[in-house]
Amino acid sequence: MQFILIARDGTDAGALDRRLAAREAHIALGDELVARGNMLYGGALLDESDKMIGSVLVLDYPSRAELDEWLRIEPYVVGDVWREIDVQPFRVGPSFAGLHR
């Protein structure tokens with residue numbers, strides 16, 4: 001089942017520092033998820049000055065419960081980077097279907 005995750009970072013003065021501190025581990029885990037087929041697309045949300053303020057991910061997990069298991073170890077969750085997380089069922093459009101599976 002595919003999902004879209006939209007996560008917004010905290011807005012306090014330490015938010016960007018927390019993101020940068022956890023970023024290497026977040027990307028390393030993301031690379032593993034891509035290799036396993038759990039992460040289809042991902043990127044950073046930017047503000048008007050190109051500062052990273054959140055993330056958008058398209059994920060593929062057998063169930064929401066399994067996605068939630070990943071969230072428990074996701075470095076941006078563990079590192080208190082993402083403060084608001086919205087997960088919705090999603091389907092990659094037919095124009096992109098050949099890119100994954």
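Test of understanding: what is the full-extension gain from THR11 to ILE85, defined as 0.36 nm times their sequence separation minus their Cα-Cα distance? Each step should come with its number before you reach the end.
Working: separation 74, 0.36 × 74 = 26.64 nm, distance 1.39 nm.
Result for the pair: 25.2 nm of gain on full extension.
Averaging sequence separations of C-alpha pairs under 8 Å and six or more residues apart, then dividing by the length of the chain, give the relative contact order as a whole percent.
47 percent.
Rounded to the nearest Å, what's the spacing between the alpha carbon centres of the range 34-101 and the range 1-20? Just the number, please.
Here the answer is 11 Å between Cα centres.
For every helix of n ≥ 4 consecutive DSSP H residues, a contribution of -39,500 (n - 2.57) applies; sum these over the chain, divide by its total residues, and give [θ] at 222 nm rounded to the nearest 500 deg cm²/dmol. All intermediate terms of the calculation are to be shown ahead of the outcome.
Details: 3 runs with 36 residues, N = 101.
Result for the chain: -11000 deg cm²/dmol, rounded to the nearest 500.
Grab the Cα-Cα distance for GLN2 and ARG23, subtract it from 0.36 nm times how many residues apart they are, and report the gain in nm with one decimal.
Stretched out fully, the GLN2 to ARG23 stretch lengthens by 5.2 nm.
Could you size up the charge dipole of the range 2-99 around its Cα centre, putting +1 on the beta carbon of Lys and Arg and -1 on that of Asp and Glu, and report it in debye to the nearest 20? Spell out each step's value before the answer.
Working: 10 positive and 17 negative charges, 40 e Å.
I would put it at about 200 debye.
Only the coordinates and a few stated rules stand behind these numbers; no lab work does. All figures in this text were calculated on a predicted structure; none of them were measured in a lab. Neighbour counts run over all protein chains shown; Cβ positions are idealised from the backbone, glycine included.
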